[in-house]
Amino acid sequence: MAKIVVITSGKGGVGKTTSSAAISMGLALRGHKTVVIDFDIGLRNLDIIMNCERRVVFDFVNVIQGDATLNQALIKDKRCDNLHILPASQTRDKEALTKEGVKKILDDLAEQFEYIICDSPAGIEQGAQMALYYADEAVVVTNPEVSSVRDSDRILGILQSKSHRAENGQPPVREHLLVTRFDPTRVARGDMLNIEDIEDILAIPLLGVIPESQSVLNASNKGMPVVLDEKSDAGQAYLDTVARFLGEDKPHRFLEAQRRGFLKRVFGG
């Protein structure tokens, strides 16, 4: 049975789409048939990170409105046969998404895929609520900043009250915390919240901590999920995150500032 996973947050710019691309690719690389859906109608960018923007002919809204079949709109990733992308429309309005239309697509995808990753737009408007409505699990992405954590807490309230599971008295959406852009040096200076503070505020299990890293931007510019950059700290952190999501016991890394060696202290670098 397919598992529907929403990648969500209350605040924009925290790394939801980067995380959606990395997690979906990570699951696919582990042998799981995975599809990632861009719910950000009008502002799509998942296809850019996945390097398939030139292959978009039909999109999510085209399928909902009957202008194309699901098979016509799905884009197969060139690097991994287990991964497909369903892009968002750049020309339609978020009102084009309906609960009935979204459910029909999710049901059809569930016949083909093990994991359905829903890349949510920021905030709590219709696109975001549609992305999380049918979720079985949610990865709540936050930066270690008060405003980001506060907005994530609001999203948790919506998951617990306005999801399909909540409305129908089913077991609640399983929630996971993913902290991105974490910089232990700034935490030590008191410029950022530490992981314990974030866990205390949100009170959901910690799935992963992604360090602040130039490799994330470099990967995005190349149209490559950063999880494919296994030499980078961010790539390794996302690989660890996927492993934990699949039930493996992995210690959290990159939580402490790296101390410079003697030669670097003397000669710089």
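Do we have any residue at all in segment 31-54 that's of a type outside the set (A, V, I, L, M, F, W, C) and touching a His at 6+ places or on another chain (Cβ under 6 Å)? Before you say what the answer is, go through the steps one by one.
Of the residues in segment 31-54, the ones of a type outside the set (A, V, I, L, M, F, W, C) are 31-34, 38, 40, 42, 44-45, 47, 51, 53-54.
Checking which are touching a His at 6+ places or on another chain (Cβ under 6 Å) leaves us with none.
Within segment 31-54 (the criterion being of a type outside the set (A, V, I, L, M, F, W, C) and touching a His at 6+ places or on another chain (Cβ under 6 Å)), the answer is no, since none of the residues qualifies.
Yes/no per residue for (1) among the aliphatic types (A, V, I, L, M); (2) free of Cβ contacts under 8 Å to residues at least 60 places away in the same chain; (3) open to solvent by less than 10 Å² (accessible area, probe 1.4 Å):
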site: Gly123; (1), (2), (3): no, no, no
site: Ala138; (1), (2), (3): yes, no, yes
site: Pro144; (1), (2), (3): no, yes, yes
site: Asp151; (1), (2), (3): no, no, no
site: Gly157; (1), (2), (3): no, yes, no
site: Gln160; (1), (2), (3): no, yes, no
site: His164; (1), (2), (3): no, yes, no
site: Gly169; (1), (2), (3): no, yes, no
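For segment 30-42, check the following and say yes or no: at least one residue is modelled with pLDDT of 90 or more and over 22 Å from Arg174 (Cβ atoms). Don't jump to the end; show me each part of the working.
Let us first name the residues in segment 30-42 that are modelled with pLDDT of 90 or more, namely 30-39.
Keeping just the survivors that are over 22 Å from Arg174 (Cβ atoms) gives 38.
Yes.
Does Glu114 qualify as being under 17 Å from the mean Cα position of the chain (by Cα), touching a residue at least 24 places away in the same chain (Cβ under 8 Å) and surrounded by fewer than 17 Cβ atoms within 10 Å (Cβ to Cβ)? Before you say what the answer is, go through the steps one by one.
Values: under 17 Å from the mean Cα position of the chain (by Cα): yes; touching a residue at least 24 places away in the same chain (Cβ under 8 Å): yes; surrounded by fewer than 17 Cβ atoms within 10 Å (Cβ to Cβ): yes.
Spelling it out, Glu114 is indeed under 17 Å from the mean Cα position of the chain (by Cα), touching a residue at least 24 places away in the same chain (Cβ under 8 Å) and surrounded by fewer than 17 Cβ atoms within 10 Å (Cβ to Cβ).
Quick check on my filter: what residues within segment 12-66 are in a helix (DSSP H, G or I) and touching an Asp or Glu at 6+ places or on another chain (Cβ under 6 Å)?
Just the residues of segment 12-66 that are in a helix (DSSP H, G or I), to begin with: 16-29, 46-49, 53-55, 60-64.
Across segment 12-66, the qualifying residues are Thr17, Ser20, Leu46, Asp47, Glu53.
Filter segment 151-173 for residues that are hydroxyl-bearing (Ser, Thr, Tyr) and either in a strand (DSSP E or B) or within 24 Å of Ile23 (Cα to Cα) (or both) and give the result. Working first, answer last.
Taking segment 151-173 as the starting set, the residues that turn out to be hydroxyl-bearing (Ser, Thr, Tyr) are 152, 161, 163.
Scanning segment 151-173 gives Ser152, Ser163.
Let's see how each residue does on (1) crowded, with 24+ Cβ neighbours inside 10 Å; (2) touching a residue at least 40 places away in the same chain (Cβ under 8 Å); (3) over 28 Å from Ser163 (Cα atoms):
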| site | (1), (2), (3) |
| --- | --- |
| Val6 | yes, yes, no |
| Gly10 | yes, yes, no |
| Ile23 | yes, yes, no |
| Val35 | yes, yes, no |
| Arg44 | no, yes, no |
| Val57 | no, no, yes |
| Gln65 | no, no, no |
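Rundown of residues vs (1) free of Cβ contacts under 8 Å to residues at least 60 places away in the same chain; (2) closer than 25 Å to Lys33 by Cβ; (3) open to solvent by less than 20 Å² (accessible area, probe 1.4 Å); (4) assigned to a loop (DSSP other than H, G, I, E, B), yes/no style:
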residue	(1), (2), (3), (4)
Val102	yes, yes, yes, no
Asp107	yes, yes, no, no
Val141	no, yes, yes, no
Ser148	no, no, yes, no
Glu175	yes, yes, no, no
Thr185	no, no, no, no
Ala188	no, no, no, no
Asp200	yes, no, no, no
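The values are calculated or read from the model by the stated rules, or taken from the named source; none is laboratory data. Small disclaimer: the values here were computed from a predicted structure and weren't measured. Positions of Cβ are backbone-derived with ideal geometry, glycine not excepted, and every protein chain shown enters the neighbour counts. Surface accessibility is based on the protein's heavy atoms, side chains included, excluding ligands, DNA and RNA. Shrake-Rupley method; radii C 1.70, N 1.55, O 1.52, S 1.80 Å.
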